[in-house]
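Visitor: I am attaching a structure below and will ask some questions about it afterwards.
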Amino acid sequence: MDLPSFEDTRIAVIGLGYVGLPLAVAFARHFPTLGFDTKETRIAELREGRDSTREVSGEELAAVAGSLTFTGDPAELADANVFIVTVPTPVDSHKRPDFGPLIAASRTVGARLSAGDVVIYESTVYPGATEEVCVGELEAASGLKLGRDFAVGYSPERINPGDREHRLETIVKITSGSDPHTARFVDQLYRRIVTAGTHPAPSIRVAEAAKVIENTQRDLNIALVNELARIFHRLRIDTLDVLEAAGTKWNFLPFRPGLVGGHCIGVDPYYLTYKAQEVGHHPEIILAGRRINDSMGRYLATEIVKLMNRKKILTSGSRVLVLGLAFKENTPDLRNTKVIDLVRELEEFGAQVTVHDPWVDPDEARAEYGIELASEPGSDHDAVVLAVAHREFCEMVPQDIRALGREGAVFYDIKSAWPRDLVDARL
């Protein structure tokens with residue numbers, strides 16, 4: 001089977017979120033590229049040269065305007081011969097893989113697939129999912145056959161939202177293909193845009209496994225530090241002091257405790273545990289780490305309420321300010337944010353919770369979580385919680401921090417970002 005030549009490569013990127021848009025911009029510097037997304041508002045803003053995720057600047061979009069176009073019309077995909085799927089892979093309410101977006105994208109691509117085309121997946125899945133789930137959808141929608149009519153590749157995304165140092169081009173890219181010829185094609189394609197180089201994996205399953213364990217490893221390390229933080233709290237030891245002391249050894253890993261959300265670390269391990277259980281193995285350590293990290297919102301809310309009780313602040317009807325809603329600092333990304341767990345638990349205790357986040361779109365917060373963001377943090381709160389270390393919060397001066405709460409208010413610093421003498425406790 002003949003694959004497209006690089007002189008005739010026409011790329012379509014399916015899904016224009018935090019992963020897809022930077023990828024489309026990078027490829028548009030070398031090939032005619034079409035960006036496709038089902039959200040009309042997303043297409044409209046990108047056509048105007050704006051990116052609400054703040055991952056790509058207006059200048060970067062303008063620089064590729066001649067070779068990058070955007071559409072929400074699936075019919076326009078028919079002219080592409082290389083399709084790159086970058087849609088989300090979430091979990092459902094039972095922590096099981098939700099392949100809905102991936103299946104829908106595969107069907108959309110399959111309906112426009114032609115002989116000789118290549119479909120590359122970047123979405124995080126368990127080992128085997130690309131060939132077991134996606135290929136069948138492509139074949140059913142196209143009437144074509146993998147290996148005879150079209151080829152499939154897998155190159156897992158490694159985007160870190162809000163990270164200005166580790167970008168698409170500067171992170172080594174894992175590549176793979178459904179056969180050796182396709183694997184070489186996929187690898188050479190990504191070498192055009194990734195200056196850090198690539199790592200060709202021997203199979204799609206190996207590439208899938210490599211990606212899913214990257215975040216599983218991080219999840220377990222953070223779970224360990226979260227458990228240590230709980231132990232040190234009972235021992236009346238400051239966790240940051242301990243971590244800084246231990247960090248003087250060259251091989252100590254610098255993980256910090258906190259709320260573990262986002263589209264990767266808080267989700268990917270469930271894809272691996274699902275597949276492990278399917279083949280008869282119960283992954284005890286991975287699931288234990290997940291239980292610890294998923295319980296941190298409840299734990300933190302309880303600790304805050306205990307501090308309020310010690311200061312004779314009645315929790316029911318109290319005014320609590322939570323600073324930050326995004327899943328991590330300096331990004332508007334709300335996907336699977338665990339700050340919402342903290343907010344809901346505080347509300348269960350009867351607190352009136354105000355959430356302020358200058359990075360997050362208020363409409364998105366309302367649509368996703370039913371939260372009305374405060375445009376300003378306000379003052380005279382009974383408790384103030386620093387949940388996300390946005391630069392705006394970290395740069396606050398002491399008098400402005402104290403002005404957020406009334407006299408005798410509780411200040412809790414989850415991120416250890418404020419001077420310790422200004423807060424009652426930190427994680």
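Visitor: Give the Rg (one decimal place) followed by the Dmax (whole number) of region 253-389, computed from C-alpha coordinates and expressed in Å.
Guide: Spelled out, the Cα radius of gyration and Dmax of region 253-389 are 16.6, 55 Å.
Visitor: Normalising by the residue count of region 175-332, find the relative contact order in percent from Cα pairs under 8 Å and 6+ residues apart.
Guide: Worked out over region 175-332, it gives 20 percent.
Visitor: May I pose another question? Test of the criteria: in region 110-178, which GluC sites (Glu not before Pro) are in a DSSP loop and have at most 11 other Cβ atoms within 10 angstrom of their Cβ?
Guide: Glu165
Visitor: From the helices alone, meaning DSSP H stretches of at least four residues, give me the mean residue ellipticity at 222 nm for the chain, per-run term -39500 (n - 2.57), in deg cm²/dmol to the nearest 500.
Guide: -11000 deg cm²/dmol
Visitor: What is the log10 of I(q)/I(0) for region 214-330, computed with the Debye formula using one identical point scatterer on each Cα and no solvent, at q = 0.14, 0.18, 0.22 Å⁻¹?
Guide: The Cα Debye sum returns log10 ratios of -0.74, -1.06, -1.28.
Visitor: Please state the shape class of region 347-395: rounded when a/c is under 1.5, otherwise prolate if a/b exceeds b/c and oblate if not, all from the C-alpha gyration tensor.
Guide: It comes out oblate by the Cα gyration axes.
Visitor: May I pose another question? First check a/c for region 34-162, with a ≥ b ≥ c the square roots of the eigenvalues of its C-alpha gyration tensor; if it is under 1.5, answer rounded, and if not, answer prolate when a/b is larger than b/c or oblate otherwise.
Guide: Cα axes put region 34-162 in the oblate bin.
Visitor: For region 1-96, state which GluC sites (Glu not before Pro) are in a DSSP loop and have at most 15 other beta carbons lying within 10 Å of their beta carbon.
Guide: Sites meeting the loop and neighbour criteria: Glu48.
Visitor: Can you give me the % of accessible surface on region 230-354 that is carbon or sulfur? Probe 1.4 Å, all protein chains present, nothing else counted.
Guide: On region 230-354, the fraction of accessible area on carbon and sulfur atoms equals 54 percent.
Visitor: Please report, to two decimal places, log10 I(q)/I(0) for the chain at q = 0.07, 0.13, 0.14 Å⁻¹ as given by the Debye formula with identical point scatterers on the Cα atoms and no solvent.
Guide: -0.38, -1.14, -1.26
Visitor: Quick one: Karplus J couplings for region 132-143, per residue in order, coefficients 6.51, -1.76, 1.60, θ = phi - 60°, nearest Hz, x for Gly and Pro?
Guide: Ordered by residue, 3J(HN,Hα) equals 7, 10, 6, 4, x, 5, 4, 5, 5, 6, 9, x Hz.
Visitor: How high is the relative contact order of region 1-134, in percent, with contacts defined as C-alpha pairs under 8 Å that are six or more residues apart?
Guide: 28
Visitor: Hey, can you grab everything whose amide H is under 5 Å from the amide H of His199? Only 5+ residues off in sequence or another chain; H modelled, so Pro and N-termini drop out.
Guide: Lys173, Ile174, Thr175
Visitor: Name the most mobile residue of Pro358, Pro398, Pro32, meaning the one with the largest mean-square fluctuation, in a Gaussian network model of the chain with Cα contacts below 10 Å.
Guide: Between Pro358, Pro398, Pro32, it is Pro398 that shows the largest mean-square fluctuation.
Visitor: Enumerate the calculated ³J(HN,Hα) couplings along region 351-368 in order (Karplus 6.51 cos²θ - 1.76 cosθ + 1.60, θ = phi - 60°), each rounded to whole Hz, writing x wherever the residue is Gly or Pro.
Guide: Along region 351-368, the couplings run 6, 9, 9, 9, 10, 10, 8, x, 8, 8, 6, x, 5, 5, 4, 5, 6, 7 Hz.
Visitor: Separate question: Do any trypsin sites (Lys or Arg not before Pro) in region 230-308 lie in a DSSP loop with no more than 15 other beta carbon atoms within 10 Å, and if so, which? Don't skip to the end; give the middle numbers.
Guide: Values: sites: Arg230, Arg234, Arg236, Lys249, Lys275, Arg290, Arg291, Arg298, Lys306; in loops: Arg236, Lys249.
Loop-located and lightly packed - Arg236, Lys249.
Visitor: Return a whole-number percent for the relative contact order of the chain, with Cα pairs under 8 Å and 6 or more residues apart as the contact set.
Guide: 11
Visitor: Report the extension gain between Asp380 and Ala62 in nm, rounded to one decimal, defined as 0.36 nm multiplied by the number of residues separating them, less their alpha carbon distance. Intermediate results must be reported in sequence, preceding the final value.
Guide: Working: separation 318, 0.36 × 318 = 114.48 nm, distance 4.52 nm.
Full-extension gain reported as 110.0 nm.
Visitor: Name the residue, out of Arg391, Arg402, Arg192, whose mean-square fluctuation peaks in a Gaussian network model built on the chain with Cα pairs under 10 Å.
Guide: Ranking Arg391, Arg402, Arg192 by mean-square fluctuation puts Arg391 first.
Visitor: For region 135-200, just list the percent of Cα-Cα distances falling in each 5 Å bin from zero outward, please.
Guide: Taking every Cα pair in region 135-200, the percentages come to 4, 17, 22, 17, 15, 12, 8, 4, 1.
Visitor: Taking the Kirkwood radius as the inverse of the mean 1/r across Cα pairs, report the Rg/Rh of region 191-246. Before the final figure, lay out the partial values.
Guide: Details: Rg = 18.4 Å, Rh = 14.4 Å.
Here the Rg-to-Rh quotient is 1.27.
Visitor: Just the accessible area per residue of the chain, please: how many Å² with a 1.4 Å probe?
Guide: With the other protein chains kept in place, the chain gives 45 Å² per residue.
Visitor: Ratio to report: Rg/Rh of region 1-86, with Cα atoms as the point set and Rh obtained by the Kirkwood method; give two decimals.
Guide: My calculation of the ratio gives 0.96.
Visitor: If you count the DSSP beta bridges with both ends in region 1-97, what percent of them are antiparallel, to the nearest 5?
Guide: Within region 1-97, antiparallel bridges account for around 10 percent of the total.
Visitor: Apply the Karplus parameterisation 6.51 cos²θ - 1.76 cosθ + 1.60, with θ equal to phi minus 60°, to every residue of region 32-49 and state each ³J(HN,Hα) to the nearest whole Hz, in sequence, with x for glycine and proline.
Guide: So the Karplus estimates, Gly and Pro as x, are x, 10, 10, x, 10, 8, 7, 8, 4, 5, 5, 4, 4, 5, 5, 5, 8, x Hz.
The values are calculated or read from the model by the stated rules, or taken from the named source; none is laboratory data. Small disclaimer: the values here were computed from a predicted structure and weren't measured. All Cβ positions, even for glycine, are placed from backbone atoms using ideal geometry, and neighbour counts span all protein chains on display. Protein only, heavy atoms only, side chains kept; ligands, DNA and RNA dropped before computing areas. Shrake-Rupley method; radii C 1.70, N 1.55, O 1.52, S 1.80 Å.
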